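Student: First the structure, then my questions, so here it is.
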Amino acid sequence: MSAEKSSLHTRNLHRNPYDFDQLISCVPELKHYVFTNAYQTATINFSIPQAVKLLNKALLLHFYNIKGWDIPDTNLCPPIPGRADYVHYIADLLGEPLNKIPTGNSVKGLDIGTGANLVYPLISCKSYGWTMLGTDINQDSLKNAQHILDQNEDLSSVIQLKIQPEADHIFTNIIGAEERFTFTICNPPFHDSEESAMKGNIRKTKNLHQSKKTKPLLNFSGQQSELWCEGGELAFITKMINESTLFSSQVLWFTCLVSKKDNLNKLNNLLRKVNAVEVKTIDMAQGQKVSRMLAWTFIPRKDRKTWFI
């Protein structure tokens with residue numbers, strides 16, 4: 001059996017190797033995709049879309065009691081362990097002024113681009129009891145997210161969904177005049193064009209499959225809004241930072257994943273220009289690569305405890 005995934009957060013439920021007997025008991029169809037590799041370890045072929053989707057379905061059911069999770073083949077299939085890591089690092093961030101992790105529905109999170117998978121709200125609610133609002137510009141994605149919620153009645157009062165009607169906005173149209181959020185969470189579109197996204201998919205497919213196939217596989221597919229936007233990750237997060245200034249008193253911590261380390265200097269320079277009170281960069285493992293969470297706040301330290309009263 002392979003070693004514990006020590007790169008994951010200490011509270012991450014997915015640090016240990018997958019117990020496929022347990023997971024197959026949750027989702028029997030998964031057994032058709034499990035095999036023993038050259039290292040005598042049970043695994044799946046991560047380049048097969050249906051295998052990845054069934055693994056996710058089993059992980060969410062076994063560890064979080066999420067029933068009936070599924071997404072269309074055209075949507076992004078997220079790695080559950082990496083997504084959980086992001087949530088746990090946010091919990092650490094929120095816990096700093098309290099010397100403990102805040103739990104319960106007084107903590108309110110905003111997931112920008114929740115997608116069809118709804119993974120961040122699901123893990124946040126099940127891990128810490130937080131209240132979540134998931135937003136997206138794609139109505140079909142939100143329709144699928146609602147279908148997941150409909151099968152999990154215990155979440156209907158703690159996870160809400162809202163369409164972003166204008167693709168050029170992130171927080172505008174979403175955060176009401178009197179609303180406050182404890183944190184925002186976002187996995188931004190990485191690529192700057194459809195062509196770039198396609199090339200990235202082919203590279204990932206080759207790395208997993210160790211082949212010369214040039215047709216991208218569906219577990220790396222996704223809607224345009226999930227994979228790319230004009231200007232790529234840097235442009236998206238730049239827009240997010242600029243727009244965050246309009247809601248500086250309504251959100252305790254703004255956070256976003258940053259895949260390209262080279263983007264950090266420009267983003268940190270911008271955060272200085274907009275007078276963020278504190279900025280943090282936290283390295284973490286996201287699947288097979290190292291990613292990082294960029295977090296910023298306009299709320300002075302002395303006032304942060306009041307967000308949890």
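Just so it is clear, none of the values below were taken in a lab; they were calculated from the coordinates. It should be emphasised that the depicted structure is a prediction, and the values quoted were computed from it without experimental measurement. Glycine also receives a Cβ, built like all others from the backbone with ideal geometry; neighbour counts cover every protein chain displayed.
Student: Hey, any idea what the orientation-averaged projected area of the convex hull of region 48-102's Cα atoms comes to, in nm²?
Tutor: 4.6
Student: Another question, then. Can you work out ³J(HN,Hα) from phi for every residue in region 73-79, in order, using Karplus 6.51 cos²θ - 1.76 cosθ + 1.60 and θ = phi - 60°, giving whole Hz and x for Gly and Pro?
Tutor: Listing the rounded values in order: 4, 7, 9, 5, 9, x, x Hz.
Student: Rounded to whole Å and sorted largest first, list the principal axis extents of the Cα atoms in region 135-186.
Tutor: Extents along the principal axes: 31, 24, 18 Å.
Student: Quick one: Karplus J couplings for region 54-68, per residue in order, coefficients 6.51, -1.76, 1.60, θ = phi - 60°, nearest Hz, x for Gly and Pro?
Tutor: Coupling constants for region 54-68: 5, 4, 4, 4, 5, 4, 5, 6, 5, 8, 10, 6, 8, 8, x Hz.
Student: Within the set Lys100/Lys261; Lys67/Lys305; Lys239/Lys273; Lys162/Lys239; Lys67/Lys280, which residue pairs have Cα atoms separated by over 25 Å?
Tutor: Over 25 Å Cα-Cα: Lys100/Lys261; Lys67/Lys305; Lys67/Lys280.
Student: Turning to a different aspect of this structure: Could you sort 236-244, 264-272, 26-34 so that the peptide with the highest average Cβ count within 10 Å comes first and the rest follow in order?
Tutor: Put in order of decreasing packing, that is 236-244, 26-34, 264-272.
Student: Considering the alpha-carbon set of region 63-180 alone, what are its Rg and its Dmax in angstrom?
Tutor: My reading of the Cα-based Rg and Dmax gives 14.1, 42 Å.
Student: Let me ask something else. Among His88, His169, His62, which comes first, second and so on when ranked by fewest other beta-carbon atoms within 10 Å?
Tutor: The order, fewest Cβ neighbours first, is His169, His62, His88.
Student: What is the Cα centroid distance between region 119-176 and region 9-38, reported in whole angstrom?
Tutor: If we compute the Cα centre of each part, the gap is 27 Å.
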